[in-house]
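Read through the structure below, which is laid out as structure tokens, and then see the notes.
Each reported figure results from applying straightforward, stated rules to the coordinates on display, with no laboratory input. What you see is a predicted model, and the numbers here were worked out from it, not measured in a lab. Cβ placement follows ideal geometry from the backbone for every residue including glycine, while neighbour counts extend to all protein chains displayed.
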């Protein structure tokens, strides 16, 4: 076989994204199960996903504290026994908290699932939040927060989220005193209301043979019952602040953290794929305008980027960086310049073509295994969308015109409307 070093590989445009679609069944207790059966490895990933309970400003940390402490003990297992059982069978267990959902995830070899699955059942059915472990959790979290509050980027993110979203799950920035509101009886009540089958979606991905599916359904159907009180997953409305500029002075800072952006649309809005293209041009990849200007040309930072977040109740478009304290004002001036350029001048065809190829290539590259396909499904399912969303996404990326993006920039990228947060020197 002769390598052709002088001839570039053949280039082909992406016409369609082929996504694995799940099988679905609903248990008698109301829990939905989605299965992505693919692959030759005797391995499965199972996720138990729960909608977060309504945010309570008086007890703001209940969602995150309950999720984090699920593995700290049950009625029959201590935290050490939970860890030992999972490790003994070469499995991996983690709990994750998100703005809209909390979840428990298990990676396990198929042959050991009969031993590892009962541990998860115990966790989501009988967690008890032992008082000693709760005290340790509170103490550790307060110490971690005190350390994190010394980091400019951490403070900037907290201030930014609070300004954009107010007293909601999205705007929550815990203070040390907030941990004093955590009490075991409140956590138990929260747990029983939230972690019940009618508020749970199970997503299984991997090599799923019939015995595996039956094991999961038998374990989480008949023995797992609903609480008399339904989970309340409604959330308070977003409360953006009227003030748009926030400065936290740190006279000795060598770097200043900059975070700015606007409340924006979420994935359900028809403009969302268009805005993703515009965001990529602005700061969404290494060759973006912000990187070329502020890192490569000016040398103000090692990295700068822009991103988009999609939540149930909305979303955000944001720019984040840390720059030398002496060039903070200059960096902000350059950011404003790049926003205005997108509003006043169409994106050149060559640059837009490069961004198109990057975005479509990234989408294909993100579908490397069955777990990735399950992740794409979750984006759709919890947003109430169907698989034609990705067909529309591909079509938008391939066909969007420069004048469309310029019009979009004038709608969404008004620098004067941005929330601006600076931590350090200004």
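Can you match Kirkwood radius over Cα pairs in Å to one of these, [x] 26.9; [y] 24.0; [z] 22.3, based on a calculation from the structure here? It is the one labelled [y]. Using the Cβ-Cβ distance between residue 426 and residue 175 with R0 set to 25 Å, the FRET efficiency from 1/(1 + (r/R0)^6) comes to roughly 0.55. Net length available on complete extension from residue 313 to residue 140 is 59.1 nm, with 0.36 nm assigned per residue and the Cα-Cα distance removed. Multiplying the residue separation of residue 362 and residue 407 by 0.36 nm and subtracting their alpha-carbon distance yields 13.7 nm. Ranked by the mean number of other Cβ atoms within 10 Å of their residues, highest first, the peptides 316-329, 80-93, 240-253, 400-413 come out as 316-329, 400-413, 80-93, 240-253.
Using C-alpha pairs below 8 Å separated by at least 6 residues, the relative contact order for the chain is 22 percent.
For an R0 of 45 angstrom, estimate the FRET efficiency from the Cβ-Cβ distance between residue 244 and residue 88 and round to the nearest 0.05. Taking R0 as 45 Å, the efficiency between residue 244 and residue 88 is 0.25. Stretching residue 372 away from residue 132 to a fully extended chain increases their span by 82.6 nm, per 0.36 nm per residue minus the current alpha-carbon distance. Taking Cα atoms only, the orientation of helix 113-126 departs from the longest principal axis of the chain by about 90 degrees. In the chain, the calculated helix contribution to ellipticity at 222 nm averages -12000 deg cm²/dmol per residue, counting -39,500 (n - 2.57) for every DSSP H run with n ≥ 4. Label-to-label distance, residue 198 versus residue 233, with points set 7 angstrom from Cα along the beta-carbon direction: 1.3 nm. With R₀ set to 30 Å, the beta-carbon distance separating residue 112 from residue 21 gives a calculated FRET efficiency near 0.60.
Principal-axis analysis of the Cα atoms of the chain puts helix 370-381 at an angle of about 80° to the longest axis. Spin-label model, residue 150/residue 252: points 7 Å from Cα along the beta carbon direction are separated by 1.0 nm. Placing a label point 7 Å from the Cα of residue 211 along the Cα-to-Cβ line, the residues of the stretch 89-111 whose backbone N sits under 19 Å from it are 89-91, 108-111.
Which whole-angstrom value gives the distance between the alpha carbon centres of the stretch 255-297 and the stretch 44-87? Centre-to-centre distance over Cα atoms comes out at 34 Å.
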